[in-house]
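The values are calculated or read from the model by the stated rules, or taken from the named source; none is laboratory data. Note that the structure is predicted; figures quoted are calculated from it, not measured. Glycine also receives a Cβ, built like all others from the backbone with ideal geometry; neighbour counts cover every protein chain displayed.
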Amino acid sequence: VQLQASGGGLVQAGNSLRLSCTASGRTFSTSGMGWFRQAPGKEREFVAAISWGGQNTYYAASVKGRFTISRDNGKNTAYLQMSSPKPEDTAVYYCAVRYTSGSYFDTGTYGYWGQGTLVTVSS
């Protein structure tokens, strides 16, 4: 599976931004996937995840109620809608596809990673 993340850029706090993650390979539609982020000088952290059919979603407490994860298996694409972003949301955002069972919050359950897209939120 190869993943291509896009949609990052400079956004003013309070304005919306949508990230996309397009996958190649047949396993995407049968695999859960997630978004992670890494800010300068910090470790990579979980942001959101979605089950293979979209029935279940998971969010980090810091983004719950502001970000929405979704997917379109027909387009092999997942999305992260960032509403009301804050300067502390500034980071490189990575999408990833799960390859094993376990917690959606655990980076170890994700076997395929995209290259990342930079999101900068200005105040």
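The set of residues from the stretch 107-116 being buried (at least 20 other Cβ atoms within 10 Å of the Cβ) and part of a strand (DSSP E or B) comprises just one member, Y110. Just one residue in the set V63, V47, V1, V11 is surrounded by 17 or more Cβ atoms within 10 Å (Cβ to Cβ) and modelled with pLDDT under 95; that residue is V1.
Inside the stretch 38-76, residues that are assigned to a strand (DSSP E or B) and out of contact with any Lys or Arg (no Cβ under 7 Å at 6 or more places or on another chain) make up a count of 13. Please work out if Y94 is at pLDDT below 95, closer than 17 Å to A5 by Cα and assigned to a strand (DSSP E or B). No, not satisfied.
Within the bounds of the stretch 26-33, is there any residue that is out of contact with any strand residue (DSSP E or B) (no Cβ under 8 Å at 6 or more places or on another chain) and either at positive phi or among the basic types (K, R) (or both)? Yes, because at least one residue in the stretch 26-33 is out of contact with any strand residue (DSSP E or B) (no Cβ under 8 Å at 6 or more places or on another chain) and either at positive phi or among the basic types (K, R) (or both).
Annotation: V63 fulfils all but one of (1) touching a Gly at 6+ places or on another chain (Cβ under 7 Å); (2) under 22 Å from Q12 (Cβ atoms); the unmet one is (1).
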